[in-house]
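Participant: Structure incoming, see below.
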Amino acid sequence: MSEHLDGDGATLDPEDWGAFRTLAHRVVDDLVDRLEHRRDEPVWRPMPPEVRHAFDGPLPRHGIGAEAAYDRFRELVLPWSMGNDHARFWGWYMGAGNPVGNLGDLIASVLNPNLGGGDQAPVAVESQVVRWCAEVVGYPADASGLLVSGASEANLIGLAVARSARLGPQVRTDGLADLGPVAVYASEEVHSCHRKSCELLGLGEAALRRLPVHADLTLDVAALEAAVAADRAGGVRPLAVVATVGTVNSGAVDDLAAIADVAEREGLWLHVDGAIGGFLALSANPPEAVRHLGRADSVALDLHKWLQAPFDVGLALVRDARAHRDAFSVVPVYLHHATRGLAAGDVWPNELGIDLSRSFRALKVWLAFLAHGAESFGRVMDANIAQAHHLAARVEAHPDLELRTPVGCDIVCLRYAPAHLPPEVLDEVNRELVLRVHESGVAIVTESVVSGVLVIRVAIANHRTRTEDLDLLLDTLLELAPGAADAVSRG
Ligand SMILES: *Cc1c(COP(=O)(O)O)cnc(C)c1O
């Protein structure tokens, strides 16, 4: 009878679709419950040892069934997740996700199309999302783009296109060996992913010139010009400049107009890292630099940050579509593009980046844009910016707290520094304070170092945050700080 069984009896589909449907409904109910009541739970809690050890088990050779597996998830994973879906998560720099986007991921997973290419609506959805984002940035409609895992990959793609476009197509065949040294310029506040890009592209980390910044932590454009001149004089070929719209430490926005002028004059590829502020054109009051984004040769955006898409999704935009394709396209015989049938299509997404097989990450973005409209994301940004300024004002007004950087975008860098503590213990005290805030479950904030000083960094890219949540953070910091100072001074 086995010829009547799906997969000849080896299928992974349920024997009883009714039971699976019941489980699926339960899963959705549990998840919506979580979203609705998440605010009342701790943001994060440490895994107890028995939970940690539960992950040491061996490969299960025999299954326990979907219901039991799901129960295991509820017991071992659900309560101990990162917490960035919570209203008071402001760690590193992340978005909170959004319910419509969550459904998009669920649907994308069930359809399970491969976005490597082909004549299918999901590819059209991705093209539309790319065009919508290009419009926000101020790019022409024929610009090229690819959804990727995040801004790290989007930044890598931007520099990879720069490398082929400016050093010539022979880098794809011959590598860099005969080309001599090249340089990529950025401020010392540039994100660490650019170091990885330079390493992976064979330029080497030494090619990345980390240039001085002004007091507001934006790139010193005179230093850029001087560095380019010095490199030319020393036989180094200037390749590209990376301007940042919203640095990861403090949200500083580089002077894009001035940098674009230098890039034009010097023939540098202008790449913008817009992981944080790239969508600020949707804000009611965008920084001046955003008006010049269209001058960039390539832009990296992160939709899983301020745009609140569930992880993961970033976007590499390249103004010259031809240059984008020329940097990556490889069409092996088995991927021949036809004029009819599923294999039709001119440019396939896999020709624009690293991955051949690709997920339908466009759907969560497309649905959220349709459901909410682009302007609602601008309102989230404006609310977060106002919240950052509210927090900063309270920090400045408190004698025991210091505001360490100008508020850039939605990022506040502060520290606890009461007059009675010796300066040399402040880094340790603030580090301890961050850990105590985590353990309290009230909020997540993280540390960084700005101008040589350890700061508590509050990055408010979260559509769930209310201003009162930041008041609660401040109260919590002030309540926990004396204990942290005591613990540090007792060693
Ligand atoms: C987050 C961030 C990145 C890296 O993006 P991922 O999505 O984490 O890969 C790059 N640049 C800046 C300015 C960032 O804030």
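Nothing in this text is a laboratory measurement; each read-out follows from the coordinates by a stated rule. Please read all numbers here as calculations on a predicted model, not as lab measurements. Cβ atoms come from the backbone with ideal geometry, glycine included; neighbour counts cover every protein chain shown.
Participant: How far apart, in nm, are the 7 Å Cα→Cβ label points at residue 330 and residue 261?
Facilitator: Label-label distance for residue 330 and residue 261, simple model: 4.3 nm.
Participant: Let me ask something else. By its C-alpha gyration tensor, with a ≥ b ≥ c as the square roots of the eigenvalues, how is region 332-479 shaped: rounded for a/c under 1.5, else prolate for a/b larger than b/c, else oblate? Working shown, then result.
Facilitator: Numbers: a/c = 3.56, a/b = 2.37, b/c = 1.50.
Prolate shape, in that a/c is at least 1.5 and a/b is the bigger ratio.
Participant: May I ask which residue of 181, 294, 304 lies farthest towards the positive end of the charge dipole of the chain, with charges of +1 (Lys, Arg) and -1 (Asp, Glu) on Cβ and the Cα centre as origin?
Facilitator: 181
Participant: Still on this structure, please answer the following. For region 31-97, max minus min Cα coordinate along each principal axis, in Å, sorted largest first?
Facilitator: 40, 25, 19
Participant: Along the Cα→Cβ direction, 7 angstrom out, place labels at residue 192 and residue 371. What is the inter-label distance in nm?
Facilitator: 3.3 nm
Participant: Here's something else I'd like to know. I'd like the Karplus ³J(HN,Hα) series for region 303-319: coefficients 6.51, -1.76, 1.60, θ = phi - 60°, whole numbers in Hz, and an x wherever there's a Gly or Pro.
Facilitator: Along region 303-319, the couplings run 7, 8, 9, 5, 7, 6, 6, x, 4, 10, 6, x, 9, 9, 10, 10, 5 Hz.
Participant: With only Lys, Arg, Asp and Glu charged, each at its Cβ (+1 for the first two, -1 for the last two), find how big the charge dipole of region 299-406 is about the Cα centre; round to the nearest 20 debye. Don't jump to the answer; show the numbers that get you there.
Facilitator: On the way: 11 positive and 12 negative charges, 72 e Å.
Here the size comes out at about 340 debye.
Participant: What list of ³J(HN,Hα) couplings, whole Hz, do you get for region 129-145 from phi and the Karplus terms 6.51, -1.76, 1.60, once you set θ to phi - 60° and write x for glycine and proline?
Facilitator: With coefficients 6.51, -1.76 and 1.60, one gets 4, 4, 5, 4, 5, 4, 5, 4, 6, x, 7, x, 5, 9, 5, 10, x Hz.
Participant: Continuing with this model, one more query. Under the Kirkwood approximation applied to all pairs of distinct alpha-carbon atoms, what is the hydrodynamic radius of region 178-267 in Å?
Facilitator: On the way: mean 1/r = 0.0758 Å⁻¹.
Across region 178-267, the inverse of the average 1/r is 13.2 Å.
Participant: Further question: For region 216-319, what is the Kirkwood hydrodynamic radius in Å, using each pair of distinct C-alpha atoms? Spell out each step's value before the answer.
Facilitator: Values: mean 1/r = 0.0699 Å⁻¹.
Radius from the Kirkwood sum: 14.3 Å.
Participant: Per DSSP H run of n ≥ 4, the term is -39500 (n - 2.57); total these for the chain, divide by its residue number, and report the mean residue ellipticity at 222 nm rounded to 500 deg cm²/dmol. Write out the running numbers ahead of the final one.
Facilitator: On the way: 15 runs with 203 residues, N = 491.
Value at 222 nm, helices only, nearest 500: -13000 deg cm²/dmol.
Participant: At what distance in angstrom do the alpha carbon centres of region 144-163 and region 280-306 lie from each other?
Facilitator: Here the answer is 16 Å between Cα centres.
Participant: What distance in nm lies between label points placed 7 Å from Cα along the C-beta direction at residue 33 and residue 435?
Facilitator: That separation, rounded to one decimal, is 3.5 nm.
Participant: Between residue 174 and residue 124, what length in nm is gained on full extension when 0.36 nm per residue of separation is reduced by their alpha carbon distance? Before the final figure, lay out the partial values.
Facilitator: Numbers: separation 50, 0.36 × 50 = 18.00 nm, distance 3.49 nm.
Length difference between fully extended and current span is 14.5 nm.
Participant: Short version: what are the Cα gyration tensor semi-axes of the chain, square root of 5 times each eigenvalue, largest first, in whole Å?
Facilitator: Details: eigenvalues 274, 256, 83 Å².
Taking √(5λ) for each eigenvalue gives 37, 36, 20 Å, largest first.
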